[in-house]
Amino acid sequence: MKNKYIALVAVAALLLVTACSRLTEANLEKIHNGMTPAEVKAILGTPTGSETSSALGIITGTTYTYHTGSSDVKITFLNDKVIATEGEFK
């Protein structure tokens, strides 16, 4: 009985983690040029990493990276607007 309970909890936890992942090809297709960082986060969630650089304080570039065990996605912003997306899903 105890083994069945442990197996049930493990399956439930796996389903919960999978259901919470917003990093999907379908969601990446919703991202388009001109979107703001807040709009991207609303669709994909908080990025796993980000880098920001500035040129003369006039132009700011930021890259959000999203990584899971089976996916890698980069969203590039110029002055807080999406200019490029790329992703690999396994």
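The values are calculated or read from the model by the stated rules, or taken from the named source; none is laboratory data. A quick note: this is a predicted structure, and the numbers were derived from the prediction, not measured. Neighbour counts are summed over all protein chains in view; Cβ atoms, including those assigned to glycine, are modelled from backbone coordinates with ideal geometry. For the accessible areas, the whole protein counts, side chains as well, though only heavy atoms, and no ligand, DNA or RNA atoms are used. Shrake-Rupley method; radii C 1.70, N 1.55, O 1.52, S 1.80 Å.
What the table below lists for this structure:
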{"item": "Among (1) open to solvent by 80 Å² or more (accessible area, probe 1.4 Å); (2) modelled with pLDDT of 95 or more - the single one residue 42 does not satisfy", "result": "(1)"}
{"item": "Filter result (more than 15 Å from residue 41 (Cα to Cα) and either assigned to a strand (DSSP E or B) or polar (S, T, N, Q) (or both)) within region 55-83", "result": "55, 59, 60, 61, 68, 70, 71, 72, 78, 79, 83"}
{"item": "Residues of region 55-67 classified as open to solvent by less than 80 Å² (accessible area, probe 1.4 Å) and either in contact with a Gly (Cβ under 9 Å, 6 or more places away or on another chain) or closer than 13 Å to residue 22 by Cα (or both), total", "result": "5"}
{"item": "Count of region 68-79 residues which are touching a strand residue (DSSP E or B) at 6+ places or on another chain (Cβ under 8 Å) and surrounded by 13 or more Cβ atoms within 10 Å (Cβ to Cβ)", "result": "8"}
{"item": "Residue pairs meeting the criteria (Cβ under 9 Å; at least 6 apart or on separate chains; first at negative phi, in region 75-87; second at pLDDT 95 or above and among the aromatic types (Phe, Trp, Tyr))", "result": "75/64; 75/66; 76/64; 77/64; 83/77; 84/77; 87/66"}
{"item": "Pairs, first closer than 18 Å to residue 79 by Cβ in region 23-52, second in a strand (DSSP E or B) and at pLDDT below 95, C-beta under 7 Å, six or more apart", "result": "52/60"}
{"item": "Per-region count, region 22-39, residues among the polar types (S, T, N, Q) and either assigned to a helix (DSSP H, G or I) or modelled with pLDDT under 95 (or both)", "result": "2"}
